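For reference, the structure is listed below as structure tokens.
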Amino acid sequence: MRLALALVLLAACSATGTAAATPPTGAVIVTAAVDSFTTSSVVGPADTGFTIFFQIIDSSQHDLHVWQGETSVAATEIFGGPSARILDVPALASGVYRITCDIHPSMEAALEAV
Amino acid sequence: MVILHRHHDALGWALRLTIVALALATAYIHTTLGGLMFMANAVAYVAFAALMVVPLEIASRHRWLIRAALIAFALGTIGAWLMFGARYWMGYLDKGIEIALIALLGIEMLRYDGGPIPVARRTWHLALLTLRRMSGGR
């Protein structure tokens, strides 16, 4: 029982993301539905932190995970839609990064920092 | 032909109903995830749940096979989660349900089918018989 509780707490604490209804000004918007992102790539600023507004427009469950190669950069919690989370992304050097969903392995898109 | 499960005692019924409830619970969880793969998984669990209780002679006669197939399916689902699945509270909850489901199916297998070894033998014989029929032999 204690182990299960610890696992649940660990899972809950290992991801970030704040619930939000509307995208903040200047946020990069990423949308998910069923088992895909609605776009294959999004663009964000390089060398400065920015926010991603991640919205699920149906009742499916997703998270948004940003990767630099095999290294995790930032991730929201896993949550069910229709709902949205704001993810603070640290400053990224210019380049192409992967965004994925941890529930749906087939979901992948590119985050281009320019 | 419709038959009743006359051989089930109270414990047997409780066991069977819990198995069905667990199969439906994991099916429901899979429907909430979204996507064809999870929906297919949920449909399979619902089908297995129905096959575990449908009062038809053909299903009753092959309940040993349905049980074994459901164990294999749940093990496969757990294996897929270990390889690709997200580690979060609902994933752990769902795997807990599936492990409990496998355990209860194992108890049923011991009670009604003599355990995994006789089931493996019956499955092997059934596979051979099917292959012979498909190849036109007797």
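Values in this text are rule-based calculations from the coordinates and carry no lab data. Computed from a predicted model, the values in this text were never measured in an experiment. Using ideal geometry, Cβ is built from the backbone for each residue, glycine included, and neighbour counts are taken over all protein chains shown.
Of the residues making up the range B:112-138, those that are loosely packed, with under 11 Cβ neighbours inside 10 Å and outside any helix (DSSP H, G or I) are B:SER135, B:GLY136, B:GLY137, B:ARG138.
Checking each residue in the range B:68-95 for being free of Cβ contacts under 8 Å to residues at least 12 places away in the same chain and not aliphatic (A, V, I, L, M) picks out B:GLY76, B:GLY79, B:PHE84, B:GLY85, B:ARG87, B:TYR88, B:TRP89, B:GLY91, B:TYR92.
Looking only at the range B:23-76, which residues are β-branched (Val, Ile, Thr) and farther than 25 Å from B:VAL119 by Cβ? B:ILE29, B:THR31, B:THR32 - these are the residues of the range B:23-76 that are β-branched (Val, Ile, Thr) and farther than 25 Å from B:VAL119 by Cβ. Taking the range B:36-77 as the range and being aliphatic (A, V, I, L, M), exposed (fewer than 15 other Cβ atoms within 10 Å of the Cβ) and under 18 Å from A:PRO105 (Cβ atoms) as the test, the residues that pass are B:LEU36, B:ALA40.
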